[in-house]
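Structure first, commentary second.
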Amino acid sequence: MRLVLDELKKMFENLTNKLEGILSKLKKAPSLNETQVETGLKEIREALLAADVSLPVVKKFIEDIKPKAIGQEIIRSTSPGQMLVKIVYDQLVQVLGGKGEELNLKAVPPASILLVGLQGSGKTTTAVKLAKNIEKNYKKKILLASLDVYRPAAQEQLKILCEKNNLNVLPIIKDQYPIDITKRAKNTASLSGADIIIYDTAGRTQIDLNMMTEIKNIKAEALPIETILVADSLTGQIAVKLASEFDKAVDLTSIILTRVDGDGRGGAALSMKQTTGKPIKFLGVGENINDFEIFHPDRLANRILGMGDIVSLVEKASQDLDEEKIKAAEENLKKGAFTFDDYLMQIRQMKKMGGMEGVLSLLPGVGKVKEQMQNANVDEKLLTANEAIILSMTKKERQNPDIISGSRRKRICLGSGTDPQTINRLLKQFKMMSKMMKKMSKGKVPKGQIPDELLNNLK
């Protein structure tokens, strides 16, 4: 399973770097006067506008922060910079939606979910991603149905994606109208025992009267518990306007933003909730079926401000891991032991999470980490090579690498398809990793910083 934490980080990369720099200056100041705060808020305003956040949202954001930021409480505080960061964080969480909202699945089955949006927004792929998410997290039986009778091969596309991902899809009957397909899907779901029907509606290149009339009629027949707009984040403020138009027409319940992995600014996400009043519930962050993430406003606010996202890191790192292996690794670390088997497990999890940068991007001080990674010129391809080397070792060699002699190195070279230099580098790297693990267990590794000696051995 490919995880996509790094993609979400990229969405707000520029904004994160700017805000982290602004707030870092303010935090370092031994005291803050009104002028300094005013200057900081002006810089925050400019950073948000540069991230394509809508002007009304930015204005309200600053207006809500300003009275608290220049109040006597913060000016006279012993740590005014920290207080200001907390104020910005709290307000950012509110802009993003406050508390995250789950899908509404409380209904007598078969319940319906209606996906709407413009053509090219990624509705069909999103329908499949959403189905897999519900299937995995809610243990529901899903039926998908394509109502797109206009775009060539649209129904076939959904059918192929469903078959590839072991999902149930409504059989295609040519020349049926969308309303008739909707009725047939309801009957099929009832007979097959499906809990949820996900309708993939037709999109248009632009909003028109015929489109909205059709969706209204479908909604009246399907009676969905969720009417979700699928919007392309790359369109920025156009996506925000689109959401408002759809909401007026069909009363949206929530939003899914797609192509977040390609959005370097993130303005749509920051504007959606404030502009429409509708919560973002999921983010599409890649082409793969698992490139789909639940939207957590508080966690995203942490990431945007460069404060890390330890909760997501722990959640993602624990996925698909054997509990016994985790416990064994924990016991080894407590004893001060660290083997190549432990290292192999870490490499595999790291690869799943987007490589080393993907993991470290969720730690506090993301800007420092990124700069370190770039300056050190770390080669992420070495993760794959290191995995091959470890897999070519015997059990004894993994437990005790000191026994790896010249002849053993030669055998490992042949088995892994690498050279002696790469193996020597891994052995040296492993020793440094062992030392770092011991330091980490004792709390001796600085927050937001990778030991230089380790970085030097990751090249």
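Only the coordinates and a few stated rules stand behind these numbers; no lab work does. Everything numeric in this text was worked out from a predicted model, so none of it was measured. Backbone-built Cβ (ideal geometry, glycine too); neighbour counts: all protein chains shown.
Take SER405, SER54 and order them by how many other Cβ atoms sit within 10 Å, fewest up front.
Taking fewest neighbouring Cβ atoms as first place, the list is SER405, SER54.
For region 111-295, calculate the relative contact order in percent as a whole number, restricting contacts to Cα pairs under 8 Å that are 6 or more residues apart.
26
Multiply the residue separation of TYR150 and LEU191 by 0.36 nm, subtract the distance between their alpha-carbon atoms, and state the gained length in nm to one decimal.
12.0 nm
Count charges around CYS162 for me, please; just the other residues with Cβ under 11 Å from its Cβ, Lys/Arg as +1, Asp/Glu as -1.
Charge balance near CYS162 sits at 0.
Of SER392, SER112, how do they rank once you tally other Cβ atoms within 10 Å and put the fewest first?
SER392, SER112
Would you tally the net charge around ILE142, using a Cβ to Cβ cut-off of less than 10 Å, leaving ILE142 out, and scoring K and R as +1, D and E as -1?
Result for the neighbourhood of ILE142: +1.
Count charges around ASP90 for me, please; just the other residues with Cβ under 13 Å from its Cβ, Lys/Arg as +1, Asp/Glu as -1.
+1
If you take all C-alpha pairs in region 97-239, what percent of them are over 28 Å apart?
Beyond 28 Å sits 13 percent of the P(r) for region 97-239.
To make sure I understand, if each residue's beta carbon is the centre and we count other beta carbons within 10 Å, what order do LYS216, LYS395, LYS68 fall in, fewest to most?
Arranged by neighbour count, lowest to highest, LYS216, LYS395, LYS68 become LYS395, LYS216, LYS68.
What FRET efficiency would be calculated for the residue pair LYS106, GLN237, taking the C-beta separation as r and a Förster radius of 35 Å, to the nearest 0.05?
For LYS106 and GLN237, the calculated efficiency is 0.55.
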